[in-house]
Amino acid sequence: MIRKTRLFTPGPTPLLPAAQFAMAAADMHHRTPEFRALYQKVLAQLKVFVGTQNDVLLLSCSGTGAMEASVSNLTSPGDRVLVLTAGKFGERWVALAKAFGCEVDVVEAPYGQTFDLAQVRKALKPEHRTVLMQGTETSTAVRHDVEAVAKLIKEVAPETLLVVDGITGLGTTHFDVDGWGIDILIGGSQKAVMIPPGLAYLSVSDKAWAAMEKSKNPRYYFDLRKERKNAAKGESAYTPAVALIAGLGAALDYIAGQAGGDLEKGRIALVNNAQVNAEATRAGLLALGFTLFAPSAPAAAATAVAVPEGMDSSEVVKALKTRFASVIANGQGEMKGKIFRVAHLGFFDYLDTVALLGAMEHIAKDTLKLPVQYGQAVAAAQQVYANAVKG
């Protein structure tokens, strides 16, 4: 039997063929009219994809670089910040803020859960310079209520800046960036936009730009003011990832093409696609006897699943790759061996979901020795899909 490699990981995600072709053909210098036209086009498309009238910048780095830029550009040593953490990436906010000398207050939720908004309200103070949080906590596949947190900030601490890691949230979650008041929203290239790692993008509000003029933390490569000045001329401050930017333009064109050339509608369709595939995956895995790790606040970017007591999730990850060349993600840190994660963001469709669940039936039956009947996971997913397209 031949095997076709399939990525079901929450980053990197499967590459869009049109983006691969664009990257291969991106033989241009970054200080030329040809590149400036491409760069300005992509920046304009990103504003639509993010869903904002704010400036959107591109950085040649991973999403963590944009997280660091958010902290270094908005804070000064000694500033109090509030971090909402419920997983490995929330913990990264804590480490970044401390690295830049901030006094960090934390609202923490257990892995697999989201925050108690009453605790957030109690912890939030007008003197907090920023609130740092995830839209989706990728390590546990939990979706956080960004809208509710934004509303609390407006009520309790209207001068506080809201910074959201939307690296797996963008393209899987509906955000109202300007309406809610998100001051910085971060995305990454290896997620819903279907290209390799190496680019981060972020929207920046007027309120955030004003705060940068007062912040005292050092910044050089990640000086967002410098990037804004250069972006206005169709350039980046430093050498950009030219091929990735060409690929990103092709990917955004593809998303628009899924809705007759309307990128805003294409973005909505991409989010809805992720949400249906996530719901179908959850239904299928529940039908096999697995337990959802985040049942009360599941994300559409990925699904986290707890294996039965006494089993190791590494067995599921290894068996899927060995038998079917399908790659899913293990748990991270202390969750390794306890959960596995299946992604739905980007270049996934309903038939990918069916294929994975069909493979999972074999793994559940043969590797985990669960009482499985072939077809039960697929049937559960088919019902979700049928309900979605009927509606």
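Just a few scattered comments:
- Boolean, K191 is modelled with pLDDT of 95 or more and surrounded by fewer than 19 Cβ atoms within 10 Å (Cβ to Cβ): no
- With respect to the conditions (1) on the phi > 0 side of the Ramachandran plot; (2) free of Cβ contacts under 8 Å to residues at least 40 places away in the same chain, A325 lacks only one, and its number is (2).
- When every residue of the stretch 336-347 is checked against the conditions, none turns out to be at pLDDT 95 or above, surrounded by fewer than 23 Cβ atoms within 10 Å (Cβ to Cβ) and over 26 Å from the mean Cα position of the chain (by Cα).
- Residues being under 24 Å from A150 (Cβ atoms) and more than 18 Å from the chain's Cα centre (by Cα) are entirely absent from the stretch 24-43.
- Filter pass, E279 being at pLDDT below 95 and part of a helix (DSSP H, G or I): no
- Against the test of being of a type in the set (S, T, N, Q), in contact with a Pro (Cβ under 9 Å, 6 or more places away or on another chain), farther than 25 Å from G101 by Cβ and buried (at least 18 other Cβ atoms within 10 Å of the Cβ), the options T138, T160, T114 yield a single qualifying residue, T138.
- So G11, is it crowded, with 22+ Cβ neighbours inside 10 Å and on the phi > 0 side of the Ramachandran plot: yes
- Exclusive hit being touching a residue at least 60 places away in the same chain (Cβ under 8 Å) and in contact with a Pro (Cβ under 7 Å, 6 or more places away or on another chain), set S60, S70: S60
The values are calculated or read from the model by the stated rules, or taken from the named source; none is laboratory data. None of these values were measured; they are calculated from a predicted model. We place every Cβ from the backbone using ideal geometry, glycine too, and count neighbours over all the protein chains shown.
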